[in-house]
Amino acid sequence: MIIIGEIVTFERGSTDLARTKAIEWLKVNLPQYIDNIAFGLPEYDDRLDAWRVPLKLNNNCDLLLGEIKLSRDLTSILDTTKKTIIINRIKKNKTLENENSKPREKGVFTPSPIPNKVVWGDSTKVLKDFPIDTAQLVFTSPPYFNAKPEYSEYVDYQEYLDFLRKVFIRCHQVLSEGRFCIINISPILVKRASRNSSSKRIAIPFDLHGIMDSIGFEFIDDIIWVKPEGAGWNLGRGRRFKADRQPLQYKPVPVTEYILVYRKKTERLIDWNIRNHYDTSLVENSKILGNYDVTNIWHIHPSTNKKHPASFPDELVRRVIRYYSFIDDLVLDPFAGSGTVGKVALEMNRRFLLIEKEYEYFNLMKSTLSKLSPDNVRIDYDAHEEELEE
């Protein structure tokens, strides 16, 4: 390394020296784990005036274990990730490796032959009865946290998040390898309890992301569903500012929701799901022809349903199914509500599994889908045994 005034240049071999110093630290501090650790490219960070040496898992280039910071002249260690954190990250990966130690065969993918089905019951219990490869796409909109008490109500926010975790763990178990789980969700407004308290806006999508990542889903995209201006005015948000125009009181009227796109984690690329499909003609006939959404901004009018407080617009379901499934795939909705996913799946020649815990909505789906389905399409309507017992 050569220092000219404040300009720092590096002689060839500085990165090698940085790695050498990092190895010396590992030999002293983590000798039993040295075979599990590889190095990323050492870089000089002029903001910190220090070298940074990334530590990675030796069999997983994407898993960062930590880093070692070295002085500018590479003579001393300035800081490191805590040893306990590095060790725990290695152990966690080994646990995951053991759980997945039996890789699935690389032959042709064939889904479980599940017919169209509507089930009355709790998804956390119903999905225990279904095998892996039941679903090739999950698309759902979880119930809002206490925003619509007539539909769902929870003791507190943590109970709500715990419930979502249980449901999406079950979805992960029955979803085919490398396939997509797509969630329509948005921050919600919890109305104030009295005039002396304030309303609260809860950022559910951002809390949900941590849950999905920990379960084993890889984040792919965030699509923004934009509704027409005025669609959110009935929430009352923004009216105070419109009247008073005082700083600090500004609150925009929400007219967007998130469509969060996750993929079941796998080492296989998306191409594998295309190349190894059991029927190449279905893949070919599922190609996206004509116009398509180039950006992640989707302008779609919301829907209304007198018999359900939070129904999907058909067009939203249509786009998701079009972009993320093949003909004859099974689409799972663990919070089926009024059954829009099933209705559109029928229209697009996909199969469906709809689960709903409210008997009123189960009957609504039964009535609607029975009228829409062709005579040659089989639909099973079942009640989970625990619901029957109650």
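The numbers here are math on the coordinates, done by the rules we state, and not lab data. These numbers come from a predicted model, not from an experiment. Positions of Cβ are backbone-derived with ideal geometry, glycine not excepted, and every protein chain shown enters the neighbour counts.
What ranking do 316, 57 get, fewest neighbouring Cβ atoms within 10 angstrom at the top?
Working: 316 23, 57 17.
By the 10 Å Cβ count, ascending, the order reads 57, 316.
Over the range 116-389, what is the mean sequence separation of C-alpha contacts under 8 Å (at least six apart), divided by residue count, expressed as relative contact order in percent? Display every interim value, and only then the final one.
Working: 459 pairs, mean separation 77.2, N = 274.
Worked out over the range 116-389, it gives 28 percent.
Fewest first, what order do 257, 315, 360 take by the number of other Cβ atoms within 10 Å? Mind dumping the intermediate values first?
Details: 257 22, 315 14, 360 9.
Ranking 257, 315, 360 by Cβ neighbours within 10 Å, fewest first, gives 360, 315, 257.
Sum up the charges of everything whose Cβ sits under 9 Å from the Cβ of residue 337, counting Lys and Arg as +1 and Asp and Glu as -1, but leave residue 337 out.
Details: positive: none; negative: 333, 356, 358.
With Lys, Arg at +1 and Asp, Glu at -1, the neighbours total -3.
Check residue 66: other-chain or 5+ apart residues with amide H under 5 Å from its amide H, H built from backbone geometry?
55
So which of 227/251; 166/227; 200/242; 91/125; 21/69 end up more than 22 Å apart, counting from Cα to Cα? List each step's numbers first, then the result.
Values: 227/251 17 Å; 166/227 30 Å; 200/242 19 Å; 91/125 31 Å; 21/69 10 Å.
With Cα atoms farther than 22 Å apart: 166/227; 91/125.
So if we plug the beta-carbon distance of residue 41 and residue 314 into 1/(1 + (r/R0)^6) with R0 = 45 Å, what FRET efficiency do we get, rounded to 0.05? Before the final figure, lay out each step's value.
Values: r = 49 Å, r/R0 = 1.10.
FRET efficiency, residue 41 to residue 314: 0.35.
For residue 382, which sequence-distant residues (separation of 5 or more, or a different chain) have an amide H within less than 5 Å of its own amide H, given hydrogens modelled in the peptide plane?
Amide H to amide H, under 5 Å and 5 or more residues apart or across chains, residue 382 pairs with 118, 119, 120.
So who's got an amide H within less than 5 Å of the one on residue 330, skipping anything under 5 residues away but keeping other chains? H placed 1.01 Å off N, in plane.
136, 137, 351
Residues with beta-carbon under 14 Å from that of residue 226, excluding residue 226: net charge, scoring Lys, Arg +1 and Asp, Glu -1? Mind dumping the intermediate values first?
On the way: positive: 227, 319; negative: 222, 229, 257, 293, 315.
Net local charge, residue 226 excluded: -3.
Using the beta-carbon distance between residue 219 and residue 159 and R0 = 25 Å, what value does 1/(1 + (r/R0)^6) give for FRET efficiency, to the nearest 0.05? Intermediate values should be presented prior to the final figure.
On the way: r = 25 Å, r/R0 = 0.98.
Result of the calculation: an efficiency of 0.55.
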